[in-house]
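Report on the following structure.
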Amino acid sequence: MPRVRKEKSRGLRQAGGPGIVFNTGIGQHILKNPLIVNSVIEKAAIRPTDVVLEVGPGTGNMTVKILEKAKKVIACELDSRLVAELQKRVQGTPAANKLQIMVGDVLKTDLPFFDACVANLPYQISSPFVFKLLLHRPFFRCAVLMFQREFALRLVATPGDKLYCRLSINTQLLARVDHLMKVGKNNFRPPPKVESSVVRIEPKNPPPPVNFQEWDGLVRIAFVRKNKTLTAAFKSSAVQQLLEKNYRIHCSLRNIEIPENFSISEKIQKILEDSGCSEKRARTMDIDDFMRLLHGFNSQGIHFS
C-alpha cells in the first residue's frame with residue numbers, strides 16, 4: 001500500500017509531550033533550556049514576598065521555578081489545554097496553593113496587582129503588552145521579558161541608531177530598559193523562525209511629568225518619516241488639519257479670538273523654529289528635545305490629543 005502522508009494543521013506543531021500540539025500561529029514556543037529559564041528568573045531578582053505575573057506560562061517550565069521563589073504567581077494563559085497541563089503539573093504539591101491562573105487574552109484582561117512580571121511572550125503581542133505594562137498602576141518593580149531579537153533591539157535603541165523609532169523613545173520615556181542576553185532559537189520547542197533576546201524593564205517612578213497621549217501624538221507625527229526634517233513632517237495637510245481643529249477648540253473653550261488671517265502652517269513653523277527643532281530629524285532627537293518641543297506647542301495652545 002502507498003504511504004499516506006499525514007498533514008498537520010497549519011500553524012500546529014507536535015512537540016514532545018504526549019498529546020500536546022503547540023500552536024505556533026499564536027506564538028506558542030516553549031522555553032525548554034533549564035539554564036535559560038533559571039537565568040531569566042535570576043535577572044528578575046524575585047523576593048519571597050513578591051506576587052509575580054507570568055504571561056504565556058505554557059507547560060509551566062518557568063512557572064514551577066518562580067513558585068519556588070515567590071509568594072504567589074498569577075499566570076495568564078490563553079490556551080485551555082495548556083492551563084490543564086499547568087494545573088496537572090502542580091497538583092498535589094505545596095506550590096498549587098501559590099498559583100492563580102487567569103484564562104484569557106492578557107491584552108483584554110485587567111491586570112491585577114503584582115511586584116514583578118516574567119514572561120516568554122507570544123511575539124505578536126509584544127508592543128501592545130509593553131505599553132499595557134508601562135501604563136499599569138499601581139507601579140510594579142520590574143519586568144523581565146523574552147522578545148524577538150529585533151524588537152528587543154528597538155526597545156533599547158538610542159538617537160542615531162538605525163533601529164531607533166517611536167517604540168524606543170516611548171518606552172524609554174516611561175522606563176529604564178536593558179538588553180540582558182541573547183537566546184538562540186534552538187532553546188525553544190518548537191523553535192521559532194527568529195532569534196530572541198531577554199530585556200529588563202523598570203518603570204520610572206514617579207513617571208515623567210507629561211501627558212502620555214499628548215506626547216505620543218507628537219512623537220507619532222515626527223516618526224512617520226523619521227529621516228525627514230520636522231518642518232517637512234509638519235507640512236502634511238492631515239497633520240495641519242488636526243492641529244488647527246484642536247487649536248480652534250482650545251481657543252473656543254478659553255474665549256480667545258482667532259484673527260481672520262490666521263495660518264496654522266505659519267504658527268507651527270514659528271514654534272518649530274523657536275524650539276530649535278525645525279531642521280532636526282526624529283531619528284536624532286532625544287527625550288529632552290521632544291519635551292522642549294511639546295512644551296513649545298502646548299504653551300501656544302496647540303495640542304495633539
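Exactly one residue among 299, 252 is closer than 22 Å to residue 210 by Cβ and exposed (fewer than 12 other Cβ atoms within 10 Å of the Cβ), and that residue is 299. Mind checking whether some residue in region 90-97 is of a type outside the set (S, T, N, Q) and open to solvent by 50 Å² or more (accessible area, probe 1.4 Å)? Yes, that holds for at least one residue.
Looking at region 192-215 only, could you name the residues that are assigned to a loop (DSSP other than H, G, I, E, B) and out of contact with any His (no Cβ under 7 Å at 6 or more places or on another chain)?
Within region 192-215, 193, 194, 195, 204, 205, 206, 207, 208, 209, 210, 211 qualify.
Restricting attention to region 104-118, the residues that are under 12 Å from the mean Cα position of the chain (by Cα) and within 19 Å of residue 198 (Cβ to Cβ) add up to 0. Being part of a helix (DSSP H, G or I) and over 17 Å from residue 285 (Cβ atoms), is that true of even one residue in region 216-233? No, because not a single residue in region 216-233 is part of a helix (DSSP H, G or I) and over 17 Å from residue 285 (Cβ atoms).
The residues of region 240-279 that are under 18 Å from residue 219 (Cβ atoms) and assigned to a helix (DSSP H, G or I), listed by number, are 240, 242, 243, 246, 268, 271, 272.
Residues that are assigned to a helix (DSSP H, G or I) and open to solvent by less than 70 Å² (accessible area, probe 1.4 Å) occur at least once in region 106-113.
Report yes if residue 40 is assigned to a helix (DSSP H, G or I), of a type in the set (A, V, I, L, M) and in contact (Cβ under 8 Å) with a residue 60 or more places away in the chain, otherwise no. Here the answer is yes, as residue 40 does meet what is asked.
The values are calculated or read from the model by the stated rules, or taken from the named source; none is laboratory data. This one's a predicted model, so the numbers in the text were calculated from it and none came from an experiment. Don't worry about glycine lacking a Cβ; one is built from the backbone with ideal geometry, like all the others, and counts go over all protein chains shown. Remember, those area values only see protein heavy atoms, side chains included, never the ligands or the DNA or RNA. Shrake-Rupley method; radii C 1.70, N 1.55, O 1.52, S 1.80 Å.
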